[in-house]
Every structure is written in structure tokens, then in C-alpha cells.
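Since the structure comes first, as C-alpha cells, the remarks are kept for the end.
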Amino acid sequence: MTNKKLRILGTRGVPAAHGGFETFAEHLAVYLQQQGWQVTVYCQACSGNAISEDTWRGIRRVHVPVTVQGAISTVLFDWKSTWHACRESGLVLTLGYNTAVFGLIYRLTGTRNIINMDGIEWRRQKWPAWARFWLWLNDWLGCFIGNHLIADHPEIKALLSGRVSPNKIAMIPYGADCIKMHAPEPYGLRRETYAVVIARAEPENLILDMVRAWSRKTRKLTLVVLGDYQLGLPYQLAVKAAASDEVLFTGAIYDKEIVQALRVNALFYLHGHTVGGTNPSLVEALGAGNAIVAHDNKFNRWVAGDAALYFSDEDGCAAIIDTLLTDDKQLAKLKSQALRRHQEAFTWEKILAEYQALFEQWI
């Protein structure tokens, strides 16, 4: 029996159908399985009463049923998954610190737990005060409860190093596929006749600022905005109200091929994230060779480097849009630099090999 055993917790499961952590978990699980590891991924089930198991691409999946809704469902899922995982052998990788306090069980059972500390989730404006306190508390507790920590950005490592020894922290960013082919054209959008925004509709992602900047004047191009926009949510209503007729809201899209097609065919990509870490959507834009317009902060600047033009407010964003729509040479330069930056730091081959090397130090 191999001693290369890993259990992955903290995502909704594989194959990926939601966000960045699910995509990462899928890539990591498949990679390690091919390297001879026995990999288990805990998956959230919406029905049933008993925990069940199956196999997907050689990966063991443990389905944990949670029938309640809302934020409490994630907490309950993490609790059940942790309780199940602590009774088995092997290393644990926890993706996210949202319920890091449950890791005390691993300490009591001698289970080695590596935590990917994600971004600074408790700073997001969408959370009520009690939720922000819970996240902040678990952010701190995770630093001490985990056997080792992974930071996905140098600034996150610097933040964590103020709490624990830097030797306890590995800096490994997020990865992305390289997309070079001219994919099909969803929604009838011809290549390079639109710009694209791919982000959750939350205030800290500055979607309202970017939509307003685009909608100031007639562009004769489309701004395509991916994400779930619901009636009754003030910020999302404000975004839609600010949009001109040249803004297309597609809704949330989880079909990987459609998202990749929208990326690779875009004239450029707008990225307004302000809350830190290596954001998956920005890394995926690099892999697609997108020219990038990004909010000016230390997180985005490290990731995109010279593959982006940076704005600090709505006026700055509008000015960059005006420039790019009339400067083909600048667009071509940014696209070339995006692919170079991706190859330099964010290929899956590089990222997954670094994870495996870290795990081998702990088994």
C-alpha cells in the first residue's frame, strides 16, 4: 500500500462546477492520481441521509449530504467532512480557512493538515458583521491549528508571517490552462468585438465602476458581463441600471468551454478585484492571452505585471478603455506579455509539481 494518501476538503467537489477552488481541486486530484497517489475528495451532496462513495477518474469521492440552505450548509458540510476524514489515514489538504477551527480534531487525532489560506475573505463587504468576525477568527486560528500553511500570493504570505514563522508558510499561486485556439463564438459574439468581465457581482470587485466607465459613451462594441445578477440585491440592481445598451449580462456560466471561448475571443479583459490573493480569473486571463485592464493594487500588480494597464477609479478605467479601443499595438503588446507572464509563473505543470513536492515533505 502506498503511503501517498491525500484527502482534499473545503470544496463542493469534483468535477469542477462552481469556482476556482473546485477547478484547482480537480486539477490537483487528477495530477496526483497519475503520480501514484491515493486521492480522496469530499463532495457536498444536496440530498440523502447517509454518506456515500464512488470513484471518478480513479479518484475516490466521498459524498456528504447537507440538506439545509445558506451559509450554514457550508459549515455543516465542513464539520461532517472533517469528522469523517479524521478517522482515516493520510495527509489532509484543507482549501480555505472558513472553518479552520474544526482542524482541532486533526490535532487531537495526530492527522497532518495543510491549509491553503486563500484570500482575505473577512474583508469582503457582502458579509454581515457576525460573519466577518467568524471569518476573521478562523483566519487567525487556522495559522496556528494547521501543520503547514499555503499562501497563494507573496502579500498573503507577508500577512501570515506576522502571525507565524515564515518557515511554516509555502507560497504557491493558482494555475491556469493556456488557451491559444480560436474557439467558437458564444452568443453570436464575433472575435474581438467585445470586452469581458468575469467576476462575482460584489462591491469589492468594482463591477459598477467598470460598467459605468464603459457606458459613458457609445463604444460600437459590447461589454460582456458574466455572473449571477438577482432581483432585490441593491448593488446588482445598481450595476444593471448603470449599463448602456452595449452591455450584455449573460448570467452565471459554468460551462468551461463557453467561458474559455468568451475569454480567448475577447478584445480585452477587465478585472476590478480589490480583495487580495492570486485571483483565479486574473490568472485565467493571462493563460488566455488577454490584454488586461485591472484595478491598481499590490495583489493584481504582482499577478499581471506588465500584462495589464491599471486604474484606480472610474475615470481612470474609462481613460484606459478609450486608449485600448484606438491602439492596436498596445493591445498586441499586452496580449503577448500576458502569455509570457502565464508561462513564467502560472502553468498547472509548475503549480501542481510544487504542491506535490510540499506534500512529500509531510507524508
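Here are some notes:
- Segment GLN35..HIS182, full-extension length gain: 49.7 nm, with 0.36 nm per residue of separation and the alpha-carbon distance subtracted.
- By the helix-only formula, in which each DSSP H run with n ≥ 4 contributes -39500 (n - 2.57) and the sum is divided by residues, the chain has a 222 nm mean residue ellipticity of -12000 deg cm²/dmol.
- Going through (1) 62, 42, 41; (2) 86, 50, 36; (3) 65, 46, 43, the figure that equals Cα extents along the principal axes in Å as computed for the structure here is (1).
- Amide H contacts under 5 Å for CYS43: VAL62, HIS63, VAL64, restricted to partners 5 or more places along the chain or on a different chain, H placed in the peptide plane at 1.01 Å from N.
- Pairs of lysines in the range 186-345 whose Cα atoms sit within less than 23 Å of one another amount to 9, provided the residues are eight or more positions apart or on different chains.
- Rounded to the nearest 5, the antiparallel percentage of DSSP beta bridges internal to the chain is 10%.
- For PHE359, the shell of other residues with beta-carbons less than 11 Å away shows a net charge of +1, using +1 for Lys and Arg and -1 for Asp and Glu.
- Cα-based convex hull volume of the range 256-363 per residue, rounded to whole Å³: 110
- Amide H partners (placed H, <5 Å) of MET171, local residues excluded: ALA151
- Computed from the alpha carbon atoms alone, the convex hull of the range 186-345 holds 103 Å³ per residue.
Computed from the coordinates by the stated procedures, all read-outs in this text should not be read as laboratory data. Computed from a predicted structure; not experimentally measured. Backbone-built Cβ (ideal geometry, glycine too); neighbour counts: all protein chains shown.
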